[in-house]
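First the structure, in the form of structure tokens, and then the observations on it.
The values are calculated or read from the model by the stated rules, or taken from the named source; none is laboratory data. What you see is a predicted model; the values in this text were computed from it and never measured. With ideal geometry, Cβ positions are generated from the backbone for all residues, glycine too; neighbour counts draw on all protein chains shown. Side chains included, ligands, DNA and RNA excluded: accessible areas come from the protein's heavy atoms. Shrake-Rupley method; radii C 1.70, N 1.55, O 1.52, S 1.80 Å.
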Amino acid sequence: MDKNYAYSVTERFLRYAQIDTQSDPGSTTFPSTAKQKDLAMLLVKELQEIGITDVVTDEFGYVYATIPATSAKEVPVICLCAHMDTAPDCSGTNVKPIVHKAYNGEDIILPDDKTQVIRTKDHPYLKGKIGDDIITASGNTLLGADNKAGVAEIMDAALYLIQHPEIKHGKIRILFTPDEEVGRGVQHVNMEQLGAQFGYTMDGGELGSLEDETFAADGVKISIQGVSVHPGTAKGKLVSAIKVAAEIVNALPKDILSPETTEDRQGFIHPVRIEGMVEKAEIEFIIRDFTAAELEGHEFYLRKIMETTVARHPGATAIMKVTEQYRNMKEVLDQHPQVVANAEEAIRRAGIKLERMSIRGGTDGSRLSFMGLPCPNIFTGEMALHSKQEYVSVQDMQKAVNTIIELVQVWEERS
């Protein structure tokens, strides 16, 4: 018989999903949107209500809390982490979650925009969820399962552990973060205050998935200086920075090195913003691959495109600036094999088939790992992320709660 510790995760998720916590990549504040603190304050209140006494939220919107140890053993302190914000890609305002009971395998038409249809041919994972209760948004917004499913699962596990002190485990630290979706999720985490030795982000997708490898990531900005002249007297003088920028983007390969043409372990160069005038223009890129050496190769290639293009426009100049964003957490996790091994065992004990995966992206765990907290990523059930067709299975969320409960016991037993 499957163990099932979860009994309020659905209600929690539905409650959290309706709170607008969309982050803003253009903001210079932290968190990038004040409304993320609305969920932080609710979580503080709910953690206090279940009996956790040391809950705090700080000026940056982080939530820290402790589930006290129930074991007499000396067990490493484990952190459970999820992020509160939702992606800027799609509206998070007025989310109306819908529970589709006992999913029948047919396409799901979202009622507020009937052009939004979650089709099994586009979402093959759904084919294995017949009989599950599937939660979607209504068609005008994302759902926010990324990562409020993880938040709800950690909260439900915390409630169960507090109410069942007979379950032996070490000290557990809870961390909820803002601004993960804009790449700044752990920028102001107080690692001394957190006080954990190892961690797990609950931010994965498919049931049973465990991810110990992420992309490495850089940001690139190309600043182009043109020559502005009145267009009536511009012959032989004017050099349009806009046109130079357009040529650089157009020179990128059409069948490789882009998100829309790559999969698995293939990296990419992706222009994400372009703006400017005749005199000056800027292009921003994200560069992704699994090793720093591969990133450097992509950046060298992009620099050659820039230099070749600018050379065709005498009078124009360009500067390329590279900013490190995060690195592949596998570099750190391979030095601490017990962190992944214990998660593998927990998933098996929860009666779930283990799926080892790599992330074509990053998590808070990417940076936390390099900040001294080795931190792989465990499934939550969140699927079709950053879109109006986002969905999550209630049963997947319940099994994620079960996995957390098993995980803390594995650490206690193996210490």
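For region 38-192, the antiparallel share of DSSP beta bridges with both residues in that region comes to about 65%.
Were the residues from Thr317 through Glu344 laid out at 0.36 nm apart, the gain over their Cα-Cα distance would be 4.5 nm.
Largest mean-square fluctuation among Asp334, Asp179, Asp203, in a Gaussian network model of the chain whose springs join Cα atoms under 10 Å apart, belongs to Asp334.
Once you keep just the Cα pairs under 8 angstrom separated by 6 or more residues, what percentage relative contact order results for the chain?
RCO, the chain: 24 percent.
Only DSSP H runs of four or more residues enter the estimate; each adds -39500 (n - 2.57), and after division by the residues of the chain the mean residue ellipticity at 222 nm equals -9000 deg cm²/dmol.
Need the C-alpha centroid separation for region 205-238 versus region 105-182, integer Å. Their Cα centres are 33 Å away from one another.
In order along region 248-262, phi translates into HN-Hα couplings of 4, 5, 5, 7, 5, x, 8, 10, 9, 6, 10, x, 7, 10, 10 Hz, rounded to whole numbers, per the Karplus curve 6.51 cos²θ - 1.76 cosθ + 1.60 with θ = phi - 60° and x for Gly and Pro.
With 0.36 nm allotted per residue and the present C-alpha distance subtracted, the Lys101-Thr233 stretch has 40.6 nm of extension available.
Remark: spin-label model distance Glu331-Arg265 equals 1.8 nm, labels positioned 7 Å along the Cα→Cβ axis. Charging the Cβ of each Asp and Glu at -1 and of each Lys and Arg at +1, and nothing else, the dipole of region 346-415 about its Cα centre rounds to 220 debye. By the rule of a C-alpha distance below 23 Å, with chain neighbours fewer than 8 residues away ignored, the lysines paired with Lys129 are Lys3, Lys96, Lys101, Lys114, Lys121, Lys148, Lys353, Lys388, Lys399. Between the helical axis of 337-349 and the longest alpha-carbon principal axis of the chain there is an angle of about 60 degrees.
Against the longest principal axis of the chain, how steep is helix 292-311, in degrees 0 to 90 to the nearest 10, with axes from Cα atoms? Approximately 20 degrees, to the nearest 10. For region 81-157, the pair-distance distribution built from all alpha carbon pairs, in bins 5 Å wide starting at 0, is 3, 15, 21, 24, 21, 13, 3, 0 percent. Pairs of Lys residues in region 197-343 that lie 8 or more places apart, or on two chains, and have C-alpha atoms under 29 angstrom apart add up to 24. In a simple Cβ point-charge model (Lys, Arg +1; Asp, Glu -1; nothing else charged), region 282-350 has a dipole of about 120 debye relative to its Cα centre. Set the Förster radius R0 to 25 Å, insert the Cβ-Cβ distance between Arg414 and Thr53 as r into 1/(1 + (r/R0)^6), and round the FRET efficiency to 0.05. E(calc), rounded to 0.05, equals 0.35. Using the Cβ of Ile319 as centre and a radius below 14 Å, the other residues enclosed give a net charge of 0, where K and R count +1 and D and E count -1. Electrostatic tally near Met155: other residues with Cβ closer than 12 Å to its Cβ, Lys and Arg +1, Asp and Glu -1, net -1.
For a straight C-alpha distance cut-off of 12 angstrom, the aspartates and glutamates reachable from Lys45 (same-chain residues fewer than eight places away being disregarded) are Asp54.
Pairs of Cα atoms nearer than 8 Å and 6+ residues apart set the relative contact order; for region 1-90 it is 28 percent. When the residues Leu159, Leu238, Leu14 are ordered by accessible surface, computed with a 1.4 Å probe over the protein chains alone, the sequence from largest down reads Leu238, Leu14, Leu159. Across the alpha-carbon set of the chain, the Rg to Rh ratio works out to 1.02, Rh being the Kirkwood radius. Karplus-based coupling profile of region 178-194, in residue order and whole Hz: x, 6, 4, 5, 10, x, 10, x, 10, 4, 10, 5, 8, 5, 5, 5, 5, with θ = phi - 60° in 6.51 cos²θ - 1.76 cosθ + 1.60 and x standing for Gly or Pro. Working note: Cα gyration tensor of region 290-345, eigenvalues times five, square-rooted, sorted largest first, giving semi-axes of 41, 9, 7 Å.
In this structure Thr291 has an accessible area near 60 Å², from a 1.4 Å probe over the protein heavy atoms. Between the Cα long axis of helix 394-413 and the first principal axis of the chain there is an angle of about 70°, rounded to the nearest 10. Among beta bridges from DSSP that stay inside the chain, the antiparallel ones total about 70%.
At R0 = 56 Å, how high is the FRET efficiency between Lys353 and Glu279 if r is their beta carbon distance? Nearest 0.05 is fine. According to the calculation, E is roughly 0.45.
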